[in-house]
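Take a look at the structure set out below.
Every number here is computed from the coordinates shown, using simple stated rules; none is lab data. Computed from a predicted model, the values in this text were never measured in an experiment. Quick reminder, even Gly has a Cβ in these numbers, built from the backbone with ideal geometry, and neighbours come from all protein chains shown.
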Amino acid sequence: MSCSIPQETIDQCIAFHGHSCPGLTIGIRAAEYARTRLNQDGGAELVCVTETDMCGVDAIQFLTGCTVGKGNMIHRDYGKMAFSFFDRRTGEGVRLLLRPESRQDIDAALAPRQRALDEQYTPEGAAAVAVLRQQLQDRFMTLPLDAMFEAQPLQQGPPRPAKILESLTCEACGEKTMESRTRRFAGQTLCIPCFQAREQKI
Ligand SMILES: [Zn+2]
Ligand SMILES: [Zn+2]
């Protein structure tokens, strides 16, 4: 079953992200899953935990309203193509893991061509890579959602809403810094860049 999100909305999503790419389509389909299966009445208070920071996150932010700035999009830097969605009202949700078989045959053809292109640019090489990337994108937009993602039960409840923490003044640069992001070093309270600068000198 092809993607059910209207083309006009997808075009706006591509404009938001800046280009059309396979990664974005993964995010579009994950957002479609959340919109159609977790937010059927439109009233869900969705929270997304993404385990990657690649292109697809932009689609999820644009299409679900889960955004980093609002605090209902949380990035866990695990480098996995997985997105968990929670409805805060009910505590229900799902972890969507991209099925490797959804792409592995195209990846197998794409990877050596991409490596060759990275080493030496040729117009033919670039065209071959573009064709394969388009194939991957077309497949992602037409696969049934259940063939694209493995829907797993959640291991834990939704993350707690962010607390407002006190700000401390960095003793090196004097800038206000959220307490949980400060470091102690040689008896001083420092922000992360100042801490890193001092630590590297030792
Ligand atoms: Zn992209
Ligand atoms: Zn500082």
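Overview of results
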item: Any hit, the stretch 64-83, residues being surrounded by 21 or more Cβ atoms within 10 Å (Cβ to Cβ) and touching a residue at least 60 places away in the same chain (Cβ under 8 Å); result: no
item: Residue match in the stretch 130-150 (condition: surrounded by 12 or more Cβ atoms within 10 Å (Cβ to Cβ), among the small types (Gly, Ala, Ser) and more than 16 Å from ligand 1 (Cβ to nearest atom)); result: yes
item: Hey, Leu165 within 20 Å of Val68 (Cα to Cα) and either of a type in the set (A, V, I, L, M, F, W, C) or surrounded by 12 or more Cβ atoms within 10 Å (Cβ to Cβ) (or both) or not; result: yes
item: Residue check for Lys80: under 26 Å from Gln134 (Cβ atoms), of a type in the set (D, E, K, R) and under 18 Å from the mean Cα position of the chain (by Cα); result: yes
